[in-house]
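**Q** My questions will all concern the structure given below.
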Amino acid sequence: MKVLIIGAAGNIGRIISRELGKKYEIITAGRNSGEIRADLSSPASITEMFSKLQNIDACICVAGQSYLGDFPSMTQEDMQLSIQDKLIGQINLVSIGMDYLNDNGSFTLISGKMGDQPSKFSVGKAISNGGINSFTRAAAMEMPRGIRLNTVSPGKISDITIEDLTHAYLQSIEGQINGEIIKVNYN
Ligand SMILES: NC(=O)c1ccc[n+]([C@@H]2O[C@H](COP(=O)([O-])OP(=O)(O)OC[C@H]3O[C@@H](n4cnc5c(N)ncnc54)[C@H](OP(=O)(O)O)[C@@H]3O)[C@@H](O)[C@H]2O)c1
């Protein structure tokens with residue numbers, strides 16, 4: 001299986017690239033890191049990335065920025081960051097990438113605990129994560145050619161074991177699940 005990981009150089013990306021790399025061929029991507037350069041916030045950049053690649057079975061996204069801070073001082077720019085980068089960026093990844101992925105391939109997006117169990121100062125994360133979860137459940141029903149779409153929703157990375165994180169990604173790329181939000185360590 002050929003697995004494309006966008007955000008492979010990040011905290012979560014480094015772990016899953018290493019662990020999934022024990023079983024599968026990995027292609028890494030990021031804005032300024034990885035084998036392929038791509039910026040999720042630019043549809044043209046996403047198209048360019050996929051047009052350079054062939055035979056991708058699984059596309060995993062572990063990238064996307066969102067605003068962390070209090071709601072009363074949240075600016076339009078802060079709000080745009082959460083929506084444009086993490087939410088719209090991942091939606092565009094699927095809407096563009098589904099024409100390139102192999103039959104019966106899979107997308108695995110990333111959201112996070114703050115979409116389900118927000119705490120103070122998490123409005124920016126809550127709106128992007130909640131949107132990604134809703135998008136996943138809805139769009140999964142309309143994926144073409146047997147392609148599946150799931151999202152991993154982790155708690156804080158420092159509370160998560162490598163085994164649990166890896167298991168979540170294997171569930172998505174190897175299993176038959178579709179439209180699922182895979183929650184990892186919400187403690
Ligand atoms: N860390 C946690 O505790 C945690 C918990 C729950 C959810 N999450 C979510 O998981 C995702 C990854 O978190 P992380 O902590 O691993 O982040 P991170 O360490 O900042 O890594 C993010 C990675 O994504 C790439 N990236 C960022 N923006 C991009 C863009 N627009 N286009 C393409 N690549 C981009 C970065 O590389 P370049 O700079 O080279 O582009 C980097 O390799 C985030 O969406 C975060 O909200 C994280």
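**Q** With a 1.4 Å probe and every protein chain left in place, tell me how much accessible area ILE88 has, in Å² to the nearest 10.
**A** For ILE88, the solvent-accessible surface is approximately 50 Å².
**Q** Under 21 Å Cα-Cα from LYS22, which lysines qualify once same-chain neighbours fewer than 8 residues away are excluded?
**A** LYS22 reaches LYS2.
**Q** Additional query: With every protein chain left in place and a probe of 1.4 Å, what is the accessible surface of GLU48, to the nearest 10 Å²?
**A** 100 Å²
**Q** Over all alpha-carbon pairs in segment 47-149, figure out the percentage whose distance exceeds 21 Å.
**A** Within segment 47-149, distances greater than 21 Å cover 37 percent of Cα pairs.
**Q** List the lysines whose alpha-carbon lies under 21 Å from that of LYS113, not counting same-chain residues fewer than 8 positions away?
**A** Answer for LYS113, where 21 Å is the Cα cut-off: LYS86, LYS125, LYS156, LYS183, listed by chain and number.
**Q** Which of the aspartates and glutamates could a cross-linker span from LYS52 if the Cα-Cα distance has to be under 15 Å and same-chain partners fewer than 8 positions apart are dropped?
**A** Within the straight-line limit of under 15 Å, LYS52 reaches these aspartates and glutamates: GLU35, ASP39, ASP99.
**Q** Here's another thing I want to ask about it. Would you please classify the overall shape of segment 108-170 from the alpha carbon gyration tensor, given that a ≥ b ≥ c denote the square roots of the eigenvalues, rounded means a/c under 1.5, and beyond that prolate means a/b larger than b/c while oblate covers the rest?
**A** In terms of gyration-tensor shape, oblate.
**Q** Also, I was wondering about something else. Please compute the per residue accessible area over segment 2-184 with all protein chains in place, 1.4 Å probe, rounded to a whole number of Å².
**A** Heavy-atom SASA per residue in segment 2-184 reads 46 Å².
**Q** If you don't mind, there's one more thing I want to ask. Can you put THR47, THR136 in order of accessible area, largest first, using a 1.4 Å probe?
**A** Ranked list, largest accessible area first: THR47, THR136.
**Q** Amide H neighbours of ALA9 under 5 Å, at least 5 residues apart or on other chains, H built in the peptide plane: list them.
**A** Distant-sequence amide H within range of ALA9: zero hits.
**Q** Dipole size in debye (nearest 20) for segment 2-184 around its Cα centre, Lys and Arg Cβ +1, Asp and Glu Cβ -1?
**A** That gives a dipole near 200 debye.
**Q** To continue, here is another question. Work out, step by step, the length gained on full extension between ASN11 and ARG31: first 0.36 nm times the residue separation, then minus their alpha carbon distance; give nm to one decimal.
**A** Net length gain for the segment: 5.7 nm.
**Q** What nm value, rounded to one decimal, do you get for the distance between ASN104 and SER42 when each label is placed 7 Å out toward the C-beta?
**A** Using points 7 Å along Cα→Cβ, the separation is 3.6 nm.
**Q** I want to verify the translational diffusion coefficient of segment 78-129 in µm²/s; compute it with Stokes-Einstein, Rh as the Kirkwood radius over Cα pairs, at 4 °C and 1.567 mPa s.
**A** D, rounded to a whole number, is 107 µm²/s.
**Q** Taking only complete DSSP H runs, can you tell me which helices of the chain stretch 15 Å or more along their own long axis by Cα positions and average at least -1.0 on the Kyte-Doolittle scale?
**A** 123-139, 162-174
**Q** Right, next: Take the alpha-carbon centre of segment 149-179, take the same for segment 75-108, and report the distance between them in whole Å.
**A** 18 Å
**Q** If ligands, DNA and RNA are left out, what is the accessible area of THR161 with a 1.4 Å probe, given in Å² to the nearest 10?
**A** About 60 Å², rounded to the nearest 10.
**Q** While we're on this one: Considering the options ALA44, ILE110, ASN185, tell which one lies farthest towards the positive end of the dipole of the chain, charges being +1 on Lys and Arg and -1 on Asp and Glu at the Cβ, about the Cα centre.
**A** The listed residue farthest towards the positive side: ASN185.
**Q** So what is Rg over Rh here for the chain, counting just Cα atoms and using Kirkwood for Rh?
**A** 0.94
The values are calculated or read from the model by the stated rules, or taken from the named source; none is laboratory data. Not measured: the values here are computed from a predicted model. FYI the Cβ positions are ideal-geometry reconstructions off the backbone, even for glycines, and counts take in every protein chain you see. Ligands, DNA and RNA are stripped out before the accessible areas are found, and what is left, the full protein with its side chains, is counted by its heavy atoms. Shrake-Rupley method; radii C 1.70, N 1.55, O 1.52, S 1.80 Å.
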